[in-house]
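Read through the structure below, which is laid out as structure tokens, and then see the notes.
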Amino acid sequence: MTMTLLQSLLMIAAAALGTMCTRFLPFLVFPENKPVPPFILYLGKALPLAVMGMLVVYSLRSTPVLSAPYGAPELISLAALVAVHLRWRNMLVSMAVGTILYMVLIQTVFA
């Protein structure tokens, strides 16, 4: 067995083990017959919103607001994303609409 093949197999095994640990560990740490700690319940409610906020900041951090098109594609896409999310309350659909609209705007309207 060559060293490259052995390294590849070891990397695959490490990735599989890491994935299995992240999948099985919550069931071991929080068994079904014990209540979930309040802090964990809080994190389950707070973290999705925090992650989405970080994604918005990360996405808009380098938006050119002092030169044409002055962030217009980003603003239009963000407004559409918020409108879709307020209407249907589906994060996946909202992100898809915002992303697709942004891509269409920068490749056609603001090209």
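What the table shows:
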item: Correct option for Cα Rg over 2.2 N^0.38 Å [calculated from the coordinates] among (1) 1.03; (2) 1.30; (3) 1.63; result: (3)
item: FRET efficiency estimate (nearest 0.05) - Cβ-Cβ, VAL29 to SER8, R0 35 angstrom; result: 0.65
item: Principal axes of the range 55-111: Cα extent on each, largest first, Å; result: 34, 24, 13
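Read-outs throughout are calculated quantities, based only on the coordinates presented, and are distinct from any laboratory measurement. Values in this document were obtained by computation on a predicted structure and should not be read as measured data. Virtual Cβ from ideal backbone geometry, glycine too; neighbours counted across all protein chains shown.
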